[in-house]
Structures are given as structure tokens and as C-alpha cells.
Amino acid sequence: MGEALADLLTVAHVAVISGGDWPQFQKQVASRLPPRADLSRLWLMPTTGTKLYTYHGGSGSGWEVAYAELFSAAERAAIVGAFEAALEATGFKPEQTWGERIEDRGSQITFSALGQQAPVRAKEVWDPDFAKRRVIQADLRGRLPGLSINMGGATSIDVTRQGVDKGYGLRKLRDASGIPLERMLFIGDAIFPGGNDYPAKELGLETVRVKDPEGTLAAIAAIVACLRQ
């Protein structure tokens, strides 16, 4: 994937927007890119786009925070409490978990059903049709009015401030990059009502829905082939 992203950066600006926080971005994206990657064209957007990191070189990692929309301590406590109550009420308690299930990411609170360190195979089979998370999501919406509650990835539910979702992040990206929304193409696996990628479609972006990393690689290869012509 690192080589594919480097190829894509030769023909376009690239933004990566996901529910993970910066340490996950650093480990899974930034540190895996080959030296040839043009980092000046890469926009990293952790926690569903509620943060933006851009590369400026210099000392340290070279990545700097452009903005971050953070919850207050009281807001974070209320969200964590609602998650715990919703899980108790809905009864979705897996037999085995790997790591923390509720993670405070500053600008986003994320529930990972099997834990943050769950193996990929276990995550793939827990809720492939999103049915379990739709029940939890519905319960949470009754407990947390005024907040955005969306499903993402294979086992996650993300909570952000109302209106602070990937659509919000994409508008912030437009403002920061100067690239209009109508010239953006969005690739994601949760482009459906209730999915945390759906705001991109609601915003009017052209979208490509993929199922897995192989689908993402195929989409990237097609884009690179078209833009190199």
C-alpha cells in the first residue's frame, strides 16, 4: 500500500481520512511510505477528519497539526458513560476481546467491539453486515442527542460533535488545500447511510466504494493509470 500511495502522489494530492488517531496514522501510513513519496501532497486526517496533519519537514517527524476539534473533559465523560450503558442495554458482549474497547481520541470517542488490538480475521466475521452496530448506534443516538454517531471499519462506532464528520473534514480540507470539492474523488468502505464515509456522498463528491485493501489498491492503480496518460 505504501508504494501504491507513493505512485498516487505522483499524479495527485492525496488525503487519508480515518477514525484512527495520529499514532495509528504515523505507524500505518506515514512511516510506511518509501523515500520517493512526495509528502508535500499528502494530507493526513485522523479521527474522522476532526484533525489535520500536513508535512513541513524540518526537525522531528516533520508533520504539524493544522487544526484539531477536541471534546471537553465533561463531554468525553458523558460519551464514555453512554457507550457503557448502550453496550449493557443491547447485550453485545463478545466472548473474547483484544485491548481497550472504548478509546478517547481527543476529538472523537471510538468504540471497537473486539478491542483496539483485535486480529483482522476476528473483526471480519463479527459484524460483516453491520447489523449489530446498527442496534448499538440506535441506542446511542437516544442517549447522545446532538452528537454524530457513525459506523466505520469492521467493528467500530465513532462519536464526534454534531456536524463534525468526514463531510466536515472534507470541507476543511477544501479550505486548507484550495482544491474544490467537485475535483475530489472519495474512496471508502462505508459509503452507505449510517456509515462514517457516507457524508462524502451527501456532500456531492464522486465516490468509489471498496470492500477491502485489495479493492483500494485496484482503485488506486486505475486512477494512476488514467492520470498518467
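Read-outs: derived from the displayed coordinates by stated rules, not from any lab. Note that the coordinates shown come from a computational prediction; the quantities given were computed from them, not determined experimentally. Here Cβ is always computed from backbone atoms with ideal geometry, including for glycine, and neighbour counts include all displayed protein chains.
Ranked highest first by average number of other Cβ atoms within 10 Å, how do 203-214, 164-175 line up?
In descending order of packing, they fall as 164-175, 203-214.
Send over the per residue convex hull volume for the chain, Cα only, as a whole number of Å³.
About 125 Å³ per residue, rounded to a whole number.
Just to be sure I understand the model, the point goes 7 Å from the Cα along the line to the Cβ. What's the resulting residue 89 to residue 143 distance in nm?
Here the answer is 0.7 nm between the modelled labels.
Could you sort 7-16, 95-104, 62-71 so that the peptide with the highest average Cβ count within 10 Å comes first and the rest follow in order?
7-16, 62-71, 95-104
For segment 103-229, with equal point scatterers placed on the C-alpha atoms only and solvent neglected, what are the log10 I(q)/I(0) values from the Debye formula at q = 0.12, 0.21 1/Å, to two decimals?
The Cα Debye sum returns log10 ratios of -0.52, -1.33.
So for the pair residue 225, residue 10, with labels modelled 7 Å out along Cα→Cβ, what separation do we get in nm?
1.6 nm
Which FRET efficiency value, to the nearest 0.05, is calculated for residue 217 and residue 117 with the Förster distance at 22 angstrom and r the Cβ-Cβ distance?
The formula returns an efficiency of 0.35 here.
Based on the Cβ-Cβ distance of residue 135 and residue 206, what FRET efficiency does E = 1/(1 + (r/R0)^6) give at R0 = 30 Å, to the nearest 0.05?
0.40
I'd like the antiparallel share, as a percent to the nearest 5, of DSSP beta bridges with both residues in segment 1-123.
70 percent
Using Cα pairs under 8 angstrom and six or more residues apart, how large is the relative contact order of the chain, in percent?
16 percent
Go ahead and estimate [θ] at 222 nm for the chain from helices alone: -39,500 (n - 2.57) per DSSP H run with n ≥ 4, summed, over the residue count, rounded to 500.
So the calculated ellipticity at 222 nm is -11500 deg cm²/dmol.
What's the tally of Lys pairs in the chain whose alpha-carbon atoms lie under 23 angstrom apart, where the two lysines are 8 or more places apart or on different chains?
18
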